[in-house]
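**Student:** If you scroll down you'll find the structure; I have some questions about it.
The values are calculated or read from the model by the stated rules, or taken from the named source; none is laboratory data. Given the structure is predicted, the values throughout are model-derived calculations rather than measurements. Note that we place each Cβ from the backbone using ideal geometry, even for glycine, and neighbour counts take in every protein chain shown. Remember, those area values only see protein heavy atoms, side chains included, never the ligands or the DNA or RNA. Shrake-Rupley method; radii C 1.70, N 1.55, O 1.52, S 1.80 Å.
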Amino acid sequence: MNIRANLLTLKRSIPPTCTLVAVTKTHPAEVVKEAYDAGHRVFGENKVQELVPKYEALPKDIQWHIIGHLQSNKVRHIAPFVTLIHSIDSIKLLEEVNKQAVKVKRTIPVLLQVHIAKEETKFGFSDEEIMSFAGSIKPSVFTNVEVHGLMGMATFTDNADQVRAEFRKLKTLFSKLRSSSLPNTFRLKELSMGMSGDYRIAIEEGSTMIRVGSAIFGTRSYK
Ligand SMILES: *Cc1c(COP(=O)(O)O)cnc(C)c1O
């Protein structure tokens, strides 16, 4: 795998306004360092226990994103340094993030995860839930979090039309939220959608942030 070449080719092929989150889960810190040395600074991990040792081992100007399902009892380990949490999938989790952010005197940016795929196993809110609870994320309660946008994962399928329809649905929800009156906890700007297999479609459908792993680092082996 030529990580540098993969990164540069990928970056050249996406709009400059789209953020590339390089997903390094299962890969050791040395692999992250290779991407770092090629100039990349934004990385995504889906497990706290994998993220923390990499954070400790690697340069501190890396922006670390958590992209996978996050358990409330793990939030305190990442609160001091995490740049963006993509995977807020319950109010309880958002409350915990706020609580830990207060403790470390930070404001933590988050995305709300929306369930757009057909698969049942994927976490996230439904459209209806998002619309109904968005108004209740009040700055008086959620003093130390900021909602920067939405995140979604399309169904894992070769059916490009279906993937496109799911991304389009998320974009529509995003636009609807942006045009509604929301508490000051919201600074909606990011639409995190698109992975190695579907980021091109996601960008066509309005993604501002893609999360790409295997297209840069090769296939993962889970031990
Ligand atoms: C692993 C993962 C990715 C990246 O997947 P690839 O197919 O390797 O690009 C993106 N988003 C989430 C939430 C992931 O867990």
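**Student:** In µm²/s, what is D for the stretch 117-223 at 37 °C and 0.692 mPa s, where D = kT/(6 pi eta Rh) by Stokes-Einstein and Rh is the Kirkwood radius from Cα pairs?
**Tutor:** Translational D for this selection: 217 µm²/s.
**Student:** For the chain, with all protein chains present and a 1.4 Å probe, just round the carbon and sulfur fraction of the accessible area to a whole percent.
**Tutor:** 51
**Student:** Could I ask something else about it? Can you compute the modelled spin-label distance between Ser179 and Tyr222, with each label point 7 Å from Cα toward Cβ, in nm?
**Tutor:** Result: 4.0 nm between the two label points.
**Student:** For the stretch 1-120, report the % of Cα-Cα distances exceeding 18 Å. Could the numbers behind the result be given before it?
**Tutor:** Working: 3873 of 7140 pairs.
Of all Cα-Cα distances in the stretch 1-120, 54 percent exceed 18 Å.
**Student:** Cross-link candidates for Lys105: which lysines have Cα within less than 19 Å, leaving aside residues fewer than 8 places away along the same chain?
**Tutor:** Lys60, Lys74, Lys138
**Student:** Further, regarding this structure: Taking Cα centroids, how far is the stretch 77-144 from the stretch 5-54 in Å?
**Tutor:** Computed from Cα coordinates, the inter-centre distance equals 23 Å.
**Student:** Would you mind calculating the relative contact order of the chain from Cα pairs under 8 angstrom and at least 6 residues apart, reporting the percent as a whole number?
**Tutor:** Details: 404 pairs, mean separation 45.3, N = 223.
Contact order relative to length: 20 percent.
**Student:** Further, regarding this structure: Of Glu166, Glu129, Glu50, which has the largest mean-square fluctuation in a 10 Å C-alpha GNM of the chain?
**Tutor:** Glu129
**Student:** Let me know the Rg and Dmax you get for the chain when you use only its Cα atoms, in Å.
**Tutor:** Both quantities, over Cα of the chain: 16.8, 49 Å.
**Student:** Suppose all protein chains stay in the model; what accessible area per residue would a 1.4 Å probe give for the chain, in Å²?
**Tutor:** Here the residues of the chain average 48 Å² of exposed surface.
**Student:** Another one. I want to check the label-to-label distance for Ala165 and Met1. Put each point 7 Å from Cα in the C-beta direction and report it in nm to one decimal.
**Tutor:** Going from the Ala165 label point to the Met1 one covers 3.4 nm.
**Student:** Across the stretch 196-202, in residue order, what do the Karplus-derived ³J(HN,Hα) couplings come to in whole Hz, using 6.51 cos²θ - 1.76 cosθ + 1.60 with θ = phi - 60° and x for Gly and Pro?
**Tutor:** In residue order, the calculated couplings are 3, x, 9, 5, 5, 5, 4 Hz.
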